Amino acid sequence: MSFCLLKKKKQSFSGSQPILSMAKSKNNNTKKLSYISVPSQIINSLSSSSLQSLLLSPKKSSRSKNRYLSWFNNYRSPKFWVLFLFLFGILGMLKLGFNLDPLIPYSPYPCTTSQLQNLVSNGHLKSHMAIASNGENSHQVEVFNSVSHSQPLLSNGNLKSEVGVEEAEQSEFWKQPDGLGYRPCLALSNEYKKASVGIVKDKTKYLIVVVSGGMNQQRNQIVDAVVIARILGAALVVPILQVNVIWGDESEFSDIFDLEHFKKVLANDVRIVSSLPSTHIMTRPVEEKRTPLHASPNWIRSRYLKRIKREGVLLLRGLDSRLSKDLPSDLQKLRCKVAFHALRFAPPILGIGNKLAERMSSKGPYLALHLRMEKDVWVRTGCLPGLSPEYDEIVNNERIQRPELLTGRSNMTYHERKLAGLCPLNALEVTRLLKALGAPKNARIYWAGGHPFGGKEALLPLTGEFPHFYNKEDLALPGELEPFSNRASVMAAIDYIVSENSDVFMPSHGGNMGHAIQGHRAYAGHKKYITPDKRHMLPYFLNSSLPEAEFNRIIRELHKDSLGQPDLRTSRAGKDVTKYPVPECMCNDSRTRSSVSPY
């Protein structure tokens with residue numbers, strides 16, 4: 001044990017470092033010093049006045065001196081003073097014991113207690129200490145350095161059992177899946193190429209399509225329209241975008257997509273025209289509104305080919321998800337070519353979208369969230385936002401007044417829908433999922449989607465845990481979004497661009513945008529895409545007795561194969577190739593790769 005000196009005057013000692021106690025010698029007038037070793041904790045516990053009373057005896061009056069002279073003579077033995085100081089030391093140690101801060105461990109180096117307190121409060125030990133450089137203190141520096149490099153202290157005084165665990169988890173979150181070498185592969189058959197020559201020259205048949213819904217729903221219908229035109233050998237008039245009844249968006253094709261690029265990329269597959277030629281303007285088109293689900297190429301030919309040859313023009317409406325998902329190989333490749341190459345956004349949209357993506361990535365990797373928390377989403381899915389009874393009642397009343405809006409299974413209760421994984425995740429569930437998957441607290445998050453029902457309060461669980469939370473309005477400079485105001489499809493396109501450029505993407509619900517970006521990220525080399533396993537994970541969300549560590553382990557295990565790894569469509573019959581482009585549109589054999597590059 002080390003000791004602190006009472007006197008500042010430098011002195012030389014032997015053995016342990018002593019504390020001074022004064023007594024007059026009986027035989028001469030010189031002062032002799034007696035020493036006893038006392039722990040410095042005792043000294044620290046004494047006030048300065050107490051120390052003075054020990055070291056410097058105040059002058060007494062002659063009367064007082066005579067009164068106590070005989071008493072002093074009887075107790076002038078050194079043994080008496082040793083006993084006296086020993087008892088006094090015991091009392092001091094008791095006092096020190098009661099005053100110790102219970103959060104600060106007992107220091108083996110009492111002279112540096114205040115330094116250690118500062119280190120603990122800062123959450124770590126400094127590697128270099130400002131300690132005097134005598135022999136013993138050099139040993140202290142060595143001990144402190146060895147501790148600081150082995151087990152850093154936490155703010156609560158506990159020691160970390162592992163170093164860098166949190167950093168490793170954060171790094172793992174941004175890690176990209178193994179794409180197994182898959183690359184775009186759109187090599188078409190010779191038969192397809194031969195047929196293309198006659199198709200692109202034909203000027204007798206024209207297909208007009210009217211597409212509806214939001215931007216991503218429109219994209220799906222445009223892809224199918226190109227494929228149907230190819231099946232019929234007809235020229236495709238630039239698709240007409242129906243005015244959206246919900247958002248009132250009157251955007252045209254060229255407002256959202258690069259029309260010239262669209263024509264150029266598909267020039268060898270289907271002839272694209274901006275309008276009907278004069279020879280067909282007065283023609284009354286054959287209108288079809290009842291294309292069945294999963295219509296095959298043979299059904300389309302048998303149903304429409306004779307009519308379009310006779311009338312010259314065919315008008316199709318309501319194409320949404322009508323064309324079969326299982327098509328011949330060449331038509332599947334055409335689907336991918338339209339979705340991933342031809343449908344490039346218009347230059348103004350691409351410009352602002354790329355700007356916002358660059359601002360997000362300027363400070364490191366970022367996560368894009370597609371949150372489906374709008375009022376119409378809760379109404380259509382038959383689910384409840386879970387914000388409060390008042391908000392739930394509003395959604396229920398809307399559904400009762402307009403039952404046609406419910407697109408889910410009407411024979412299921414809300415709780416049955418929830419447990420079946422048919423409901424969007426709310427902000428709290430998204431937060432718990434991201435934390436369980438290792439998303440760092442300082443993660444930069446871009447959230448895409450409409451304004452949530454309940455406003456910013458609905459997002460509090462997310463913004464409270466992940467404060468770096470932005471949408472396009474947060475990132476845009478004043479006036480940048482003004483040209484696109486009140487145009488929901490354009491705003492959705494901007495969200496699409498920023499989300500596609502993100503390091504990690506996760507939707508809170510499926511939907512057209514989630515599916516489109518899933519396929520696009522796979523086609524771009526299998527960039528990380530988290531697919532929430534809602535049906536299997538929600539029971540664990542409802543189990544409040546499950547420890548957080550166990551909850552996190554289970555969630556990670558459930559999602560280990562849902563992070564954007566190659567997923568072959570052959571095991572998912574009936575699924576869209578634009579969502580699962582392997583193996584029809586991608587291959588890992590370099591000899592068969594297409595020269596067409598994604599935009």
Restricting region 459-491 to residues that are among the hydrophobic types (A, V, I, L, M, F, W, C) and surrounded by fewer than 16 Cβ atoms within 10 Å (Cβ to Cβ), the residue that is farthest from the chain's Cα centre (by Cα): Leu477
Going through Leu434, Leu428 one at a time, which residue ends up being crowded, with 19+ Cβ neighbours inside 10 Å and of a type outside the set (Asp, Glu)? Leu434
Output the number of the condition that Pro365 fails; it satisfies all remaining conditions of (1) within 17 Å of Gly449 (Cβ to Cβ); (2) open to solvent by 10 Å² or more (accessible area, probe 1.4 Å); (3) within 20 Å of the chain's Cα centre (by Cα). (1)
Would you confirm whether or not region 230-249 contains a residue that is charged (D, E, K, R), touching a Lys or Arg at 6+ places or on another chain (Cβ under 6 Å) and surrounded by 21 or more Cβ atoms within 10 Å (Cβ to Cβ)? yes
Considering region 537-554 alone, what residues qualify as being surrounded by fewer than 20 Cβ atoms within 10 Å (Cβ to Cβ) and part of a helix (DSSP H, G or I)? Leu538, Pro539, Tyr540, Phe541, Glu548, Ala549, Glu550, Phe551, Asn552, Arg553, Ile554
Taking the stated definitions as given, is Lys456 surrounded by fewer than 20 Cβ atoms within 10 Å (Cβ to Cβ), within 18 Å of Arg372 (Cβ to Cβ) and in contact with a helix residue (DSSP H, G or I) (Cβ under 9 Å, 6 or more places away or on another chain)? yes
Return the total of residues in region 555-584 being in a helix (DSSP H, G or I) and either among the polar types (S, T, N, Q) or free of Cβ contacts under 8 Å to residues at least 40 places away in the same chain (or both). 5
Can you go through Glu358, Glu404 and tell me which one is in a helix (DSSP H, G or I), surrounded by fewer than 16 Cβ atoms within 10 Å (Cβ to Cβ) and modelled with pLDDT of 90 or more? Glu358
Which one of these is among the polar types (S, T, N, Q), out of contact with any Cys (no Cβ under 6 Å at 6 or more places or on another chain) and open to solvent by less than 20 Å² (accessible area, probe 1.4 Å): Ser302, Ser274, Ser324, Ser278? Ser324
Can you say whether Arg344 is under 27 Å from Pro581 (Cα atoms), of a type in the set (Lys, Arg), in contact (Cβ under 8 Å) with a residue 60 or more places away in the chain and open to solvent by 40 Å² or more (accessible area, probe 1.4 Å), as far as the supplied structure shows? yes
Is there a residue in region 439-448 that is out of contact with any His (no Cβ under 9 Å at 6 or more places or on another chain), surrounded by 18 or more Cβ atoms within 10 Å (Cβ to Cβ), of a type in the set (Ser, Thr, Tyr) and modelled with pLDDT under 95? no
Criterion first (surrounded by fewer than 20 Cβ atoms within 10 Å (Cβ to Cβ), among the aliphatic types (A, V, I, L, M), touching a residue at least 12 places away in the same chain (Cβ under 8 Å) and over 18 Å from Arg335 (Cβ atoms)) does Ile494 satisfy it? no
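The values are calculated or read from the model by the stated rules, or taken from the named source; none is laboratory data. Bear in mind the structure is a predicted one, so any value in this text is a computation, not a measurement. Ideal geometry is used to build each Cβ from the backbone, glycine not excepted, and the neighbour counts take in all protein chains shown. Ligands, DNA and RNA are excluded from the accessible area calculation, which covers all protein heavy atoms including side chains. Shrake-Rupley method; radii C 1.70, N 1.55, O 1.52, S 1.80 Å.
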